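See structure below.
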Amino acid sequence: MLVIPSIDVEKGRSRIVFWPGVSTGTGAPSDRPDRIAEYFVGLGAPLIHIVDFDGARNGAPVNVDVIGAIASRVATPLQLAGGLDSPEAIRVAFAAGATRVVTTLAVADDPALLRGCLEVAGDWLAVGLDARADRLAAFRWHRSAPPTLAGLLSELAGRGVRRFVLGHATGDAEVAEIAAIARTVDADLLVAGGVTDLAGVRRVRDSGAAGIILGEALLSGAIDYQTAREAAA
């Protein structure tokens, strides 16, 4: 299972200051996303996940300079989320240096819009959603009844989506459902949010997920990256 570092970006900076040498008092803290990305790539990160908080609020990418700075510093795929619910926004993300994009349920619930986004991003498009049943049901669906997680992922995979980012999918019920979905849906399942220790990493690994996205747990030092990779193997 891949262990994917995540950087939340707001106003050009990481929302969490990262200091890899805090336990020994070496080095210096940084809130520069490009330097944080470079650090994890140096440890072997296969992908960097970036959340554009300003973009999510504005409905279009905002921190494009940050994406460009990271892309110029590391030769590693960059997966961007936040404000990417249209083909035009996805084109902006790719032009900035992103190589993968994450859309939201707004796209998943609009077949024509999803088709347009897939025409631009193809296999590099992921759909992000909260895996908790109550949150999924609370979305304002343009259909008579809300779908189940398994039914929705199967439907979207049938339309060409090859990657899903599942938030808050670490509870007992969610982990069990992901394990069942992983056996039947032809797509990569990436779990994001809710993991704060190595036991959680192992639980996600055992579910059959293709990857786990770790943000605050890594940047705060709660989980060591190399140790997390060992737990995910």
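The numbers here are math on the coordinates, done by the rules we state, and not lab data. Given the structure is predicted, the values throughout are model-derived calculations rather than measurements. Note: ideal-geometry Cβ built from the backbone for every residue, glycine included; neighbour counts use all protein chains shown.
For segment 114-168 versus segment 2-70, the spacing of their alpha-carbon centroids is 26 Å. Can you bin the chain into rounded, prolate or oblate? Criterion: square roots of the alpha carbon gyration tensor eigenvalues sorted a ≥ b ≥ c, rounded for a/c under 1.5, prolate for a/b above b/c, oblate for the rest. Oblate. Judged by the mean number of other Cβ atoms found within 10 Å, the most tightly packed of the peptides 29-41, 141-153, 168-180 leads the ranking 29-41, 168-180, 141-153. Compared with the dominant principal axis of the Cα atoms in the chain, helix 149-158 is inclined by about 80°. Taking a ≥ b ≥ c as the square roots of the Cα gyration tensor eigenvalues, segment 88-173 comes out prolate, since a/c reaches at least 1.5 and a/b is larger than b/c. Taking square-rooted eigenvalues a ≥ b ≥ c of the alpha carbon gyration tensor, is segment 116-158 rounded, prolate or oblate, where a/c under 1.5 means rounded and, failing that, a/b exceeding b/c means prolate? Prolate, because a/c is 1.5 or more and a/b exceeds b/c.
Taking all Cα pairs closer than 8 Å and separated by 6 or more residues, the relative contact order of segment 2-232 comes to 18 percent. Taking other C-beta atoms within 10 angstrom as a stand-in for reagent exposure, Ser220, Ser6 fall in the order Ser220, Ser6, fewest first.
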